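The block underneath contains the structure these notes are about, expressed in structure tokens.
The values are calculated or read from the model by the stated rules, or taken from the named source; none is laboratory data. Values in this document were obtained by computation on a predicted structure and should not be read as measured data. Here the Cβ positions follow ideal geometry from the backbone for every residue, glycine too, while neighbour counts run over all protein chains shown. When the accessible area is computed, the model is the full protein with side chains, heavy atoms only, and any ligands, DNA or RNA have been set aside. Shrake-Rupley method; radii C 1.70, N 1.55, O 1.52, S 1.80 Å.
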Amino acid sequence: MVHVHTAAKTPAVAEKGGRAAPVEHPPPRAWRPRAGMTRSDRVREQDRAAGGASKRFVTVDDGNRVPATVVLTPVRRTGRVIARLQWTSAGRKQRLLLGEVHHPTRSANLRAAWRLAEETGLLVEEDVRGSWATSAGTRASMRSNRGRDTKPERRLRSALHRQGLRYRVSVRPVPTLRRTADVLFTKYKVAVFVDGCYWHGCPAHGSIPSSNRDFWVAKIEGNKRRDAETDRLLVEQGWFVVRVWEHTAIEDAVTLVRLALEESKSHFSPRAIRGDVR
């Protein structure tokens, strides 16, 4: 049996001097995430509160283990913060009420909520056997790397937008080709890729983990070959390809995009344009 922690209900208002006194709302810092937090930031926040990335898992109906998240919700009527455990099973969100948390900060309330989650008996350790990651920490770190909407991508998109340029985001230039561009100018056939230094083997900032080194060398070299193949296939289909590193200065990246747009408008032959030498 799962024990759900709840607290005794109290009136929404208190009588004072014959009149109802308003309830104090929970301060935002007790439940609201910090402004500007990315998805990766929130994953790390949950990992810290739970005591480690491997301690955030529940077993679902098919026997698989999936990550769970604590959600904090203010209840204005009562002035409390309610904690729930949330996970996804078979494409549907599942929620379990954990109970109230009473600390003044979000981080403290998350830690308290994860302790309540442990008491339900639902949490299990993630099993990393058979994974290419050598530890739960490594696996969590790799999982937190985003496939789209990274900070460098968003900075570049903002800079392009400020210059009046309009584009599509995370779209295949060629529908039948399984390659997705980070920024796409469909009218002018310009595809822009923002490459992460780690995954794409940046000569300046790339590094190979000491653990499972052979795997990572093969993985990153494979990514580099795929990038080169993507450039070739898109150019053959009449696309200009702009490829910049995540560390490339935004003004330099914008210049390269504008160069590709100008060449396309001037009917130059399609080519791949790289921001840095690989």
Here the residues of segment 172-194 lying in the modelled label zone of Ile250, meaning backbone nitrogen under 13 Å from a point 7 Å along Cα-to-Cβ, are none
Where the accessible area of segment 196-243 is counted over protein heavy atoms with a 1.4 Å probe, how much of it, in %, is carbon and sulfur?
49 percent
Using a 1.4 angstrom probe on the protein heavy atoms only, could you order Arg56, Arg115 from most to least accessible area?
Arg115, Arg56
At 4 °C and a viscosity of 1.567 mPa s, what translational diffusion coefficient does Stokes-Einstein give for segment 34-126, taking Rh as the Kirkwood radius over Cα pairs? Give it in µm²/s as a whole number.
95 µm²/s
Could you tell me the calculated FRET efficiency between His102 and Arg162, based on Cβ-Cβ distance and R0 = 51 angstrom, to the nearest 0.05?
0.70
Mean accessible surface per residue for segment 233-278, computed with a 1.4 Å probe while every protein chain stays in place, in Å²:
52 Å²
Which entries of Lys151/Lys224; Lys189/Lys224; Lys93/Lys224; Lys55/Lys151 show an alpha-carbon separation above 25 angstrom in the structure shown?
Lys93/Lys224; Lys55/Lys151
For segment 180-244 and segment 89-116, what is the separation of their C-alpha centers, rounded to whole Å?
39 Å
With all protein chains modelled, accessible area of Arg213 [1.4 Å, Å²]:
120 Å²
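Quick check: with the 1.4 Å probe, what order do Phe193, Phe268, Phe215 take by accessible area, largest first?
Phe268, Phe215, Phe193
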